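Just so it is clear, none of the values below were taken in a lab; they were calculated from the coordinates. Everything numeric here is computed off the predicted structure, so don't read it as measured data. Don't worry about glycine lacking a Cβ; one is built from the backbone with ideal geometry, like all the others, and counts go over all protein chains shown.
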């Protein structure tokens, strides 16, 4: 799902966005506060009530981002793999996981990993308490 961002903040995400506008792709990793999660589920409930059961996650996240801004984390160049099937999991175990360990074994990346982990865990402060992380590559 493509991600459009401005100064690191989510503007919009969706499958049909113009690739020229996109800052990257959502990898499916979102961190929401309790309030943002309640908002997102409320939006999803309204969509279902309207018969829009096939809408993408982006519909609820885009609406939620208007009230609870999401910060986008650039993970471009870092190793990852999408796991949909057993073969994908095998690839992740044999290739991707060792690449992740090697990447973050380097001092410069180890510091970035700690900062990213703190941000995603909600330990590190964001510019405002209502900011959230969205992964983008």
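Observations on the structure shown:
- The fewest-to-most ranking of 2, 15 by surrounding Cβ atoms within 10 Å reads 15, 2.
- Gyration tensor verdict on the stretch 27-90 (Cα atoms; rounded if a/c is under 1.5, prolate if a/b is larger than b/c, oblate otherwise): oblate
- Sorting 1, 13 by the number of Cβ atoms found within 10 Å of their own Cβ, with the fewest placed first, yields 1, 13.
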